[in-house]
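The values are calculated or read from the model by the stated rules, or taken from the named source; none is laboratory data. For clarity, every value in this text was computed on a predicted model and none was experimentally measured. Glycine also receives a Cβ, built like all others from the backbone with ideal geometry; neighbour counts cover every protein chain displayed. Note: areas computed on protein heavy atoms with side chains; ligands, DNA, RNA excluded. Shrake-Rupley method; radii C 1.70, N 1.55, O 1.52, S 1.80 Å.
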Amino acid sequence: MNDESQNKMGSPTPEELRQQVERTRDELGQTVEALAGKADVKAQAKEKTAAAKKQAAEKTAELKEQAVEKTAAAKEQAAEKATAVKEQAAEKSAELKEQAAEKTAAVKEQAAAATAQIREKTAQAAQAVKDKTPEPVQEKTAQAATQVRESAARAGQFAVDRTPDPLLEKADRVAKAARANRTPLLAGGAVLVAFLLIRRGRGRNK
């Protein structure tokens, strides 16, 4: 058989073989490119994942640092406010104490002035009554005052003998308070006794 008869029986020609080789090369090239592309995609995915993890870690660290800074700043502000409030409270307390002390001093001064005026007026009234009272009446006033004191002393001793101890203690406190204002009371009593004796003497003269 010649070459043409062999080709007709199914044997490939050189041209066909060359074409098959080219096709095979093309297919291998495409396969290699596809495999390379897949490998490249996996590498890119790994790189992206690593980059994302790194960014997340950096962001987390940054947020933590910001949180720490904000917490420290908040604590510092709270401490400053607490200190300011304490200082204001101390200043206000000192101011109130000073005002209270000034008011107390003013009240004491007014009370002392009023007491002095009362004593002065009582003394003036007693002197005026004494000046207008005749000597016999003054003598009778002195005698009456002596009798009143003696009677009061006897009555007091009698009351002491019959008074329980708790009442005696209370009476002692009252007596101390009375002694503190002894001068105005004595002067007032003297004025009252003198006034009564004057009225009594005038009544007898009528």
Given points 7 Å out from each Cα along the Cα-Cβ axis, report the Glu95 to Ser11 separation in nanometres with one decimal.
12.4
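State whether the stretch 78-160 is rounded, prolate or oblate according to the following rule on the C-alpha gyration tensor (a ≥ b ≥ c being the square roots of its eigenvalues): a/c under 1.5 gives rounded; otherwise a/b larger than b/c gives prolate, and the remaining case gives oblate.
oblate
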Measure off 7 Å from each Cα along the Cα-to-Cβ vector at Glu102 and Lys64, then give the distance between these two points in nanometres to one decimal.
5.9
Please report, in whole Å, how far the alpha carbons of the stretch 10-147 spread along each principal axis, starting with the longest.
183, 23, 17
Using 1/(1 + (r/R0)^6) with R0 = 41 angstrom and r between the beta carbons of Glu33 and Ala74, what's the FRET efficiency to the nearest 0.05?
0.10
Dipole magnitude of the stretch 15-130, debye to nearest 20 (Cβ charges: Lys/Arg +1, Asp/Glu -1, about Cα centre)
1060
Leaving out ligands and nucleic acids, and using a 1.4 Å probe, what accessible area per residue does the stretch 59-140 come to in Å²?
85
Net charge around Gln20, counting only other residues with Cβ within less than 15 Å of its Cβ (Lys, Arg = +1; Asp, Glu = -1)?
-2
